[in-house]
Amino acid sequence: MIPALLHFWHRLRDDRRGLGAVEFAIIAPFLLLLYLGGYQLMDATSAYRKVTTTTRTLADVTTQFTAVQASDVDSILGAAGAVMTPYSASNTTTRVSEIAISATGMPSVVWSRASSGNLLKTSDLLANPTTPNNVVPAKLRIASTNLIFAEVSYSYVPPAGGQLIGPITFRDQIFMNPRRSVDIPCTGC
């Protein structure tokens, strides 16, 4: 009985026919994770680029007006959904504001419109360190000028495993000078 067991053991040890299947079973999960991780990273990068493009588009379109009405700005904010395609516009919040720089270099909000109703206020500029009072770069604080300030926030949910890590918020903001006038007054804002 023992010689038969030893013979079976030697034969099993020397048999290489299943080696490829065992190696594949060990490596396949790692390859799958690498593939899915690469896809997730590519999709997240694409979503962030869309946020950046949307922010620039909001500011760019707004700065081409000499004067706007609240409905004009609302249409511009609504167009953000088209720029964000194929990503969901329902996860996107947008805001466009005009900021006046005083003769002393202090910023104040002239008007603001937001898709979420969260308007930028001058009191926010002075009280909150994350608003333009601290964000407006010194080189843009030219006395007696106006800036258009566009902000976009997107709550990105990864397509695979989004329940595990939850949503990731991408934000971008940009300042632009009015192109065709000194300022852009907004009626009804």
* To do: Fewest Cβ neighbours within 10 Å first, please rank PHE24, PHE170, PHE175 accordingly.
  => PHE24, PHE175, PHE170
* Asked: Longest exposed-loop-site-free stretch of the chain, with trypsin sites (Lys or Arg not before Pro), DSSP loop and at most 16 other Cβ within 10 Å?
  -> 18-120
* To do: Could you let me know the centre-to-centre spacing of the range 146-189 and the range 38-80, using Cα atoms, in angstrom?
  => 7
* To do: Mind pulling the angle between the C-alpha long axis of helix 19-63 and the longest principal axis of the chain? Nearest 10 degrees, somewhere in 0 to 90.
  => 10
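Within the chain, what percent of beta bridges assigned by DSSP are antiparallel, to the nearest 5?
On the way: 26 of 28 bridges.
Within the chain, antiparallel bridges account for around 95 percent of the total.
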* Between VAL51, VAL22, VAL136, find the one with the highest GNM mean-square fluctuation for the chain; connect C-alpha pairs within less than 10 Å. => VAL22
* Structure fact -> Options (1) 1.05; (2) 1.73; (3) 1.36 for Cα Rg over 2.2 N^0.38 Å; the value derived from the coordinates is listed as (2)
* **Helix 2-14 axis, angle to the chain major axis (alpha carbon atoms, nearest 10°)** => 40
* To do: Mind giving me the FRET efficiency for ASN91 and VAL22? R0 is 45 Å, r the Cβ-Cβ distance, nearest 0.05 is fine.
  => 0.55
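Each reported figure results from applying straightforward, stated rules to the coordinates on display, with no laboratory input. Keep in mind that what you see is a predicted model, and the values were worked out from it rather than measured. Don't worry about glycine lacking a Cβ; one is built from the backbone with ideal geometry, like all the others, and counts go over all protein chains shown.
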